[in-house]
Amino acid sequence: MATPPPASDDALIGFRDEAPPSAAAPASPWRVLAVDDDRGFQQALAHALRDLHILGRPVELQQAYSLSEAAHLLARDRDFAVILADVVMETEDAGLRLVKGVREMLGLHEPRIVLLTGQPGFAPVDAVMESYDLSDYCLKSDLASRGLKNVLTAAIRGYSHLIAVTSARKGLQLILEASNRLTTARTIEQIASAVLVEVADLLRVPAEGIVCVEGQDDTDDAPPGGPVIIGAAGQFETYLKGSLQTLPDRSIAECIAAALNGHHPIARDDCQVLYFPRQHAMADYAVYLATGRPLEASEHELLGVFAANASKGFGNVALISRLDRMAFEDELLHIPNRAALMREIERLRIGNGGQQQRMLLIDLDDFSGLNDAFGVVLGNRILAALVAPLRQAFPPPAMISRITADLFAIVGPAALIDDTRAMAVFDQPLRLDDTSYRLTACTTQIDLDAVPGSAAELLRAAWTSLRAAKLRGPGSRAAYDPDIERRAGERFAMMSRLGQDLQHDALFLVFQPQVDLATGRIVGAEALLRWRTETGLIPPGEFIPVAEKSVYIHAIGDRVVQQACAALKALDAAGLGTLSISVNVSARQFDAPGLAERVAAHCAEAGVDLRRLALEITETAVMGHFGQVAQALRHYRAAGGSVAIDDFGTGLSSLEYLRDLPADHLKIDLSFVRHLEHDERSRQIARMIIKLGHSLGVGLIAEGIETQGQADWLRENGCQEGQGWLFARPLPLAEFIAACQSSATP
Ligand code: C2E
Ligand code: MG
Ligand code: MG
């Protein structure tokens, strides 16, 4: 007994090899193995079984005359329904050893074994029957009286029953395994081709077949009308994705159509059509398989169970792919959305096959202007019309997605993704309803491995570069620059720190004296903001531009005015009630209505005369939003306050604006003051500004005076006031008060 029991890691193979004789061939004989060294008995047996039929089938006898002969035979051929075995052969327990070998070593549990003995009481009947799974144990001499046929019939019945049970178990196991394999499918196409393979496997025929669907509501590329071939194997592969009508073999097409129309499976001698109903599969499916033979009843049963499982599999996949669409598709353009982009980036990063992968961001210029001009409906249609040329420029494997309104992202192999291709798309006008639209866009590109971290971080990094491109103007491209990102990161960190520090009085004012150039007496001060942090002072030139990009600029503005008012009160208390203070105001502060009124309210609250608080606003800020800013400044002046135009001379203001400028002072920018002694052009500009001030009837203050020569020149040329390091650096309030007191004493 050399053959080990089937090493069954694969019940499939077991099932195929051990197909029950009853199922495979109805007319095939029952095979009986008789093992006995008693030749006389063997002869009689052969004679008795010669024309015997049991349960409608003939009996075929194999004979072995010893345990070892039986062992050799069974090593090659195990397909027996019944084994008749003599107990005593070469040894006194040879028969029992045969039983043990069959059951334990060969692992054969279905064949029924009838143990025969010549001598009554030789082996204890009950004990032997119990421990060896025997069907019978009888005396040879009793065989005649009990009837050999009866003994064999009982054994064969037992065998058939066992085979049926085993086969059903194996069939179910097969279906379970097949169903498990189907669950790994993610798309209808995947499950369709998997079903063909599994059905063919189940029936042990080559995979030659078709899966058709009717009424699947979310297939985009379904030809209108009629069933569509969504799965095809073997000779049918060429018809994949076509309509059923394209099948040249009309009889197959009709057979499939009949299953779909009749809502039932169809069995023919050479093929099977399974039908998966809509209520389980979410659409009607027919699976055609060329079997080349009629199926057994048991195979039909198997197919029935399989079809029920596979129907649900189709239903699940349809559900998943619908959910997938909802989660990963842009509703308007029916292309991947932001979530899909994130997923694709992660996927490409994991399995890029060593290829460099890249992302390109495309942001249309002034799309909101286009929406305003033509309406959202046309705007949407223009976006939709853009998808086709983008697809043409970036064919698969590139993936085109929409992140937000007019921002597209394209990911794929670096060789395919570059901004020159994108720009070429915009070189052509976009045609829609006989109208041409000229679009431009800003782009940025970034290699997927340029930034560590999540896909969202990569997108954010690219977005920062894109913003830099946008700032440069329409049609700009910007390659990803980690520096831009670093600076953006720093700005962000600064902004959030500023938000916190605003609560904690970390922002305070210092005061730079402004002096009368003729007398050298201090007449007031410019209040300059300082931010003290753990790492030291941050200059306003760094944090004011950041604050201007946030809502904090308003709170900062209020804080500055309040502190300036408190300083004026302190000056009063020190007997310096005639001095004034000017505060700097950002253009953004004029976004909130009623700036003049708010400043006035702060002064009133502090009990300070508004006339002693001047507002400084840069020339560029006034010119940028002239109407709005000028009006607020007019209000402020009407209330009694004064206004100085800061950094004058740097903004190239037109004369028309200057005439209407609501100002009391012009501040000559330090860039001209700095070069007064050596540069004729700076002197010319300073002279012009002073002249202009005189003709507009406003006062002049020069800032950044560092040398006596500069001060002298300015005084001689008609500038009344000045500030700068020559006189004093910006000072803390107490020091400023002390400086004023010593300046006041002659
Ligand atoms: P600004 O209003 O033109 O202020 C003059 C700047 O020149 C100040 O720099 C001042 O310290 C500096 N300065 C004064 N004298 C000299 C000098 O002799 N030589 C040189 N080289 N520089 C001199 P600071 O304090 O760094 O302020 C820079 C800018 O920050 C200010 O320019 C102003 O635009 C803005 N700023 C300051 N405080 C505030 C504020 O409270 N609110 C707003 N919105 N902006 C402020
Ligand atoms: Mg200033
Ligand atoms: Mg200035």
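The values are calculated or read from the model by the stated rules, or taken from the named source; none is laboratory data. Note that the structure is a prediction, hence the values are computed from the model and not measured. Counting neighbours? That spans all protein chains shown, and the Cβs are built from the backbone with ideal geometry, glycine included. Each accessible area value is taken on the protein alone, full model and side chains, heavy atoms only, with ligands, DNA and RNA left out. Shrake-Rupley method; radii C 1.70, N 1.55, O 1.52, S 1.80 Å.
Averaging 1/r over each pair of different alpha-carbon atoms in region 504-740 and inverting the result gives 18.1 Å, the Kirkwood hydrodynamic radius. Estimated from helical segments only, the mean residue ellipticity of the chain at 222 nm is -15000 deg cm²/dmol, where each DSSP H run of four or more residues counts as -39500 (n - 2.57). With 18 Å as the cut-off, how large is the P(r) tail for region 136-185, expressed as percent of Cα-Cα pairs? Of all Cα-Cα distances in region 136-185, 56 percent exceed 18 Å. Computed from the C-beta positions of Thr440 and Phe492 and an R0 of 22 Å, the FRET efficiency is 0.15 to the nearest 0.05. Above 37 Å, the calculated P(r) of the chain contains 67 percent of its Cα-Cα pairs.
In sequence order, region 716-733 has phi-based couplings of 4, 9, x, 8, 7, 10, x, 9, x, 4, 4, 8, 5, 6, x, 10, x, 3 Hz under the Karplus curve 6.51 cos²θ - 1.76 cosθ + 1.60, θ = phi - 60°, and Gly or Pro positions carry x. For the pair region 32-62 / region 164-200, the C-alpha centres are spaced 42 Å from each other. Residues in region 202-213 carry Karplus couplings, in order, of 4, 8, 6, 10, x, 6, 10, x, 9, 10, 10, 10 Hz; the curve used is 6.51 cos²θ - 1.76 cosθ + 1.60 with θ = phi - 60°, and Gly or Pro positions show x. If the segment from Ala555 to Glu301 were pulled out straight at 0.36 nm per residue, it would be longer than the present Cα-Cα gap by 83.5 nm. The radius of gyration of the Cα set in region 338-480, together with its Dmax, comes out at 14.9, 47 angstrom.
Here the contact order of the chain, divided by its residue count and restricted to Cα pairs under 8 Å and six or more residues apart, works out to 6 percent. Taking a straight line from the alpha carbon of Lys170, these lysines sit under 26 Å away, with near neighbours fewer than eight places off in the same chain left out: Lys100, Lys312. Scattering from region 499-561 was approximated by placing one identical point on each alpha carbon and applying the Debye formula without solvent; log10 I(q)/I(0) at 0.12, 0.13, 0.23 1/Å stands at -0.37, -0.43, -0.95. Taken over the alpha carbons of region 545-611 as equal point scatterers, the Debye sum produces base-10 log I(q)/I(0) values at 0.15 Å⁻¹ of -0.49. Cross-link partners for Lys140 among the lysines, with Cα-Cα distance under 16 Å and sequence neighbours closer than 8 places in the same chain left out: Lys149. Computed over region 504-740, relative contact order equals 21 percent, with contacts defined as Cα pairs under 8 Å that lie 6+ residues apart. Extents of region 184-328, taken as max minus min of Cα coordinates on every principal axis and listed largest first, are 45, 30, 26 Å. In region 496-591, Cα pairs under 8 Å separated by at least six residues give a relative contact order of 29 percent.
For region 141-269, the fraction of 1.4 Å probe accessible surface lying on carbon and sulfur atoms is 56 percent. Straight-distance candidates among the lysines for linking to Lys549, with alpha-carbon spacing under 29 Å and chain neighbours fewer than 8 residues away dropped: Lys470, Lys667.
Taking the C-alpha atoms only, the angle from helix 297-328 to the longest principal axis of the chain is near 0 degrees.
Between Asn380 and Ala405, the contour length at 0.36 nm per residue exceeds the alpha carbon distance by 8.1 nm.
Computed from phi, the 3J(HN,Hα) profile of region 575-590 under the Karplus parametrisation 6.51, -1.76, 1.60 (θ = phi - 60°) reads x, 10, x, 8, 6, 10, 10, 10, 10, 8, 10, 7, 4, 4, 5, 7 Hz, with x in place of Gly and Pro.
Over region 273-382, the ratio between the Cα radius of gyration and 2.2 N^0.38 Å evaluates to 1.78.
Using the 1.4 Å probe convention, the accessible area of the chain works out to 47 Å² per residue with neighbouring protein chains retained.
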